[in-house]
Structure formats: C-alpha cells, structure tokens
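The values are calculated or read from the model by the stated rules, or taken from the named source; none is laboratory data. Note that the structure is predicted; figures quoted are calculated from it, not measured. Ideal geometry is used to build each Cβ from the backbone, glycine not excepted, and the neighbour counts take in all protein chains shown.
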Amino acid sequence: MSKTAELNIDGKTYSLPIFTGTEDEVAIDIGKLRDQSGVVTLDPGYKNTGATKSAITYLDGDNGILRYRGYSIEELAEKSTFIEVSYLLIFGELPGKDQLQRFRDDIKTHTLVHEDVKKILDGFPSTAHPMGVLASLFCSQTAFYPESLDPNRASESVYLSIIRSLAKMPTFAAWAYKNALGHPANYPDNSLEYCSRFMKMMFALPAEPYQPDPVISAAIDKLLILHADHEQNCSTSTVRMVGSSQASIYSSISAGINALWGPLHGGANQEVIVMLESIVKDGGNIDKWIAKAKDKNDPFRLMGFGHRVYKNFDPRAKIIKKAADDVLGKLGVKDPILDVARNLEDIALRDPYFIERKLYPNVDFYSGIIYRALGIPVEMFTVMFAIGRLPGWIAQWKEMRENKEPIGRPRQIYTGQKERAYVPITKR
Ligand code: SDX
C-alpha cells in the first residue's frame, strides 16, 4: 500500500498521508486537508470516517470477526468472566491471579451508593423507563465525587472512578428496576460475585430468602462479555465525544447510556421482543412482517437485523443463539417467540432484499429471548446492555484521555440563506 493518496481538486493535486493499522486496515489522514485545500469531507453518520486510532477492539464486518485486545469473542465468551474481560479491556492485558482478585475486591468495596441517591430515585415516578433513571443516577456521581470533575487527576483517582463505575452500575440498575415496581431497593450482598449480586438486588423480596441460580448467573456473565465493547459504535463515540471536552467519566458514561437507549442501537433488544410478540399476536404471519420490513413506505424495520459494520453474521448473535437453546433447555423454558425468531431469521436470510443488503441478525436479535427466560423484564433489556457495555465505555474514555485526543468538533457544509438584512415586524 503506498504511503500517500493523491487528491485532485480543480486541477490541483493534494498529497494525503495513508495510515495502515495492525490488521492492514487503511485510512487516508485528512487532518491537514482543509488547511491545504480549503475543502472538508462530508459523511453523515460517519459511515466511511474513522474518528480515532484504537488498540481496544477489532471488528472485521465482512468476515464476522470480533476481538477484545486480540482475544477472540468466541474464546472469551467460553473461557473468561465478565470481570476478567473488563480488566482486559480497560488495562490491555489479561490479569494475573492476584491482580484479578484485587480488582474483584476493589469492586466489592464500592458497591454501595450514597443514601442520598435514594432521594433522587424517589423523584422518579414508577412509570419512568429504567434507562432514564440509570443515566440520571450515574451522572449524579459527579455530585458525590466532585474530585471526578478535575480531568487531570492523578491516575490512582481515575482508577477509583473506574472501580466506582463498575461497582455501582449494577446497584443503580437494580434500584431503577425496583423503583419501576414500587418495591424497596435492595442493598448489594458482597458475599456474592458480580452477576449473582446483581440478580439478588433485582429479585430478592423483603424477608424472603433468595438464592441466585448459578445457571442464570453464568448466562448473564456470558451475555455481559458479549456486550462489553464494540469499537466506535454510537454510544461509545458519544462517550468519547463528551469525554473529549474533559467532562468527568461519570457524565461521559451517562451520555453513552442515553445514546444506547435509542431503538436503532441498544434499545433494539427491547424492540425485538415487542416485534416478535406482535407477530405472535398477529397470528404468526411472518411473510406479512417481512414484507412490511421491505416496504419503503412502511417505517417498520426488522428489529435485531442489520448492522453498520457486520455484512456477515454478527459473531455475538451466533453465540447468543446457541446460548438461548442451552439456557432455555436448562431452565426448562418453552418460549413460542423463540420459534418465531428462528423462522423469521430463516425466511429473511433467504430473501433477496436482505441478501442484497447483507442484513443478518445482530447482537440484539436473540439476547432478549434469553433475558426473558432469565426472568428479566423487557424494559430492563437495554439496561442489561448498558451494564455489559460499561467496561468498553470506560476503556475507550481512558484511551482517549491518555492519548490526549483533541476536543471533538466536526465541520459542516452550510446550505441555508445567504446574508440578508433584518426586517422590522411592521414590515413582515
Ligand atoms: C447495535 O454500531 C454497533 O456496533 C452497534 C452494536 C454495538 O454492539 O454497539 O452492534 C449494537 O446497535 C446493533 C444494531 C441494533 N439495531 C437494530 O437491530 C435496528 C434495526 N437495524 C437497522 O435500523 C439498521 O440495520 C442499523 C441502524 C443497525 C444500521 O443502519 P445503517 O448502517 O445506517 O444502514 P441503513 O439504515 O442505511 O440500511 C441500508 C439499507 C437500507 O435500504 P436501502 O435504502 O438501501 O433500500 O438496508 C435497509 C435500509 O432500509 N435496512 C433494513 C434494516 N436495516 C437496514 N431494512 C429492514 N430491516 C432492517 N433491520
């Protein structure tokens, strides 16, 4: 690959450096294009624009490859744990035994949240969507830890913010759920590991013994690993953008939670279940719904299908689809919408519309079926995605800060009115 690209504008040639990454991905560095030529590039949705160089996650959308710090998602989902994967993403290497134990213990030390958080929680009606509650509670940490507002703090206090984020996210999530039920919030039981501790905060009832099911905790741990990072997706790019202004890690991640909430992004796992239930209620007429998804005049899209990067199977969807069979089998759960999902996938993958556009099931297509089988309510599905994505957001925020990346400020092309004089209201 040559080291430069030649761009010709109006007979003048500009030479632009070419950058090649570890996996031979190639980019044209346009950092100096406007200074040289007065011209900028235009790419709504950044479909063809790299925002950064990153050493955290590698995606190959054409071949369905996903690796965290060089380790394949298949191996990590099979052999690792969510806390170990979180350490890997944030610090770059798999932890040794003592490092992992210290990380686990540090997280356990910070699972409690300030009692005043309950005053914020009580302000939300039980009808509040848990994602809105989660984003607010997470951002409220800036009030309880004002030192987090200083972007240039010593690394050990950044470590403390990272630990507090990982430790308190499940507590906030469970409290948001209990608020929706009008139930009292549960405190974290630090005798349990991460996922079991979360399940107990979610489902334990006052004065009733609660024993987390190891099958459920293991399934959640695997799902969290599969959601842990995904390079420059919408919510991660949001975390980087907000963090680039030197806002605190808590406000940057709170912004990421809000971006993830959208139905085209993390909110899709909730919409998939709504879609599948509508198909079942509608008599299971899959061909009708496939036709709606293909109809340009119909806003309906096949939720859980398609991806900006994957033009082949999303490797996470393959793992989750198999896990759905395993978990529902182990729990003895029969869910009619799993059969609808399989039929929908089968028909869509043979339809020219989906084949031509390389639309495959993505991570959200099957995840909701497992969450449902685990007893997690549908309005908490995207919250589960946020718990999983947290270490990725943290790792990307930390990388952006350590690389001293500039504040994000894209350009635009103006298409509005030319200059015109003010018209007094008496003359309009
Ligand atoms: C996530 O970026 C990430 O990494 C995200 C994520 C992560 O881990 O962070 O992987 C998580 O967000 C997964 C995606 C979850 N969203 C959904 O499942 C919602 C349904 N999917 C679509 O809305 C869509 O596929 C997107 C948003 C995921 C991707 O959209 P793009 O890349 O902007 O593609 P597009 O909208 O331009 O679609 C290209 C064509 C269009 O048709 P034409 O104009 O060419 O005729 O494909 C069509 C679209 O209409 N299309 C679909 C479709 N997705 C795309 N048609 C029907 N159903 C769909 N789901």
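Brief remarks on what is shown
- Summed over segment 307-319, the residues that are over 16 Å from the mean Cα position of the chain (by Cα) and either among the hydrophobic types (A, V, I, L, M, F, W, C) or within 8 Å of the ligand (Cβ to nearest atom) (or both) give a count of 2.
- Residue count for segment 19-47 satisfying the condition of being β-branched (Val, Ile, Thr) and not in a strand (DSSP E or B): 5.
- Scope segment 103-121; condition among the acidic types (Asp, Glu) and either touching a residue at least 24 places away in the same chain (Cβ under 8 Å) or under 18 Å from Val85 (Cβ atoms) (or both); matching residues: Asp105, Asp106, Asp116
- Test: residue in segment 34-57 that is among the aromatic types (Phe, Trp, Tyr), surrounded by 14 or more Cβ atoms within 10 Å (Cβ to Cβ) and either more than 25 Å from Ile107 (Cα to Cα) or in contact (Cβ under 8 Å) with a residue 12 or more places away in the chain (or both): no
- Members of segment 189-215 found to be within 18 Å of Trp175 (Cβ to Cβ), among the hydrophobic types (A, V, I, L, M, F, W, C) and assigned to a helix (DSSP H, G or I), listed by number: Cys195, Phe198, Met199, Met201, Met202, Phe203
- Only listed residue being more than 15 Å from Met400 (Cα to Cα), modelled with pLDDT of 95 or more and touching a Phe, Trp or Tyr at 6+ places or on another chain (Cβ under 8 Å), chosen from Ser254, Ser235: Ser254
- Among residues of segment 361-373 that are under 20 Å from Gly329 (Cβ atoms) and of a type in the set (Ser, Thr, Tyr), those with a Cβ under 7 angstrom from a residue that is part of a helix (DSSP H, G or I) and within 14 Å of the ligand (Cβ to nearest atom), sequence gap 6+ or separate chain, pair up as Tyr366/Ala317; Tyr366/Ile320; Tyr366/Ala341; Ser367/Leu223; Ser367/Asn269; Ser367/Ile320; Tyr371/Phe381; Tyr371/Met384.
- Subset of segment 320-367 [away from the ligand (no atom under 11 Å from the Cβ) and of a type in the set (Phe, Trp, Tyr)]: Tyr366
- Segment 346-370, residues that are among the aliphatic types (A, V, I, L, M), in a helix (DSSP H, G or I) and over 28 Å from Ala386 (Cα atoms): Ile347, Ala348, Ile355
- Taking first residues from segment 236-260 that are in contact (Cβ under 8 Å) with a residue 12 or more places away in the chain and over 15 Å from Thr382 (Cβ atoms) and partners that are of a type in the set (Asp, Glu) and more than 16 Å from the ligand (Cβ to nearest atom), the Cβ contacts under 8 Å between residues at least 6 apart in sequence or on separate chains come to Arg240/Glu405; Ser244/Glu405.
- The number of residues in segment 63-72 being surrounded by fewer than 24 Cβ atoms within 10 Å (Cβ to Cβ) and under 22 Å from Leu359 (Cβ atoms) comes to 3.
- Residues satisfying the stated conditions in segment 378-415, i.e. in contact with a Ser or Thr (Cβ under 9 Å, 6 or more places away or on another chain), aliphatic (A, V, I, L, M) and closer than 18 Å to Met199 by Cα: Met384, Ala386, Leu390
- Some residue of segment 48-56 being outside any helix (DSSP H, G or I), of a type outside the set (A, V, I, L, M) and farther than 22 Å from Ser235 by Cα: no
- Whichever residue in segment 223-237 is polar (S, T, N, Q) and crowded, with 22+ Cβ neighbours inside 10 Å and, among such residues, is nearest to the ligand (Cβ to nearest atom): Asn233
- Of all the listed residues (Trp261, Trp289), the sole one being among the hydrophobic types (A, V, I, L, M, F, W, C), buried (at least 18 other Cβ atoms within 10 Å of the Cβ), within 27 Å of Glu356 (Cα to Cα) and more than 8 Å from the ligand (Cβ to nearest atom) is Trp289.
- Filter pass, Gly256 being surrounded by fewer than 20 Cβ atoms within 10 Å (Cβ to Cβ), within 16 Å of the ligand (Cβ to nearest atom), within 18 Å of the chain's Cα centre (by Cα) and of a type in the set (Gly, Ala, Ser): no
- Of all the criteria given as (1) out of contact with any His (no Cβ under 8 Å at 6 or more places or on another chain); (2) more than 12 Å from the ligand (Cβ to nearest atom); (3) of a type in the set (Asp, Glu), the one not satisfied by Glu379 is (1).
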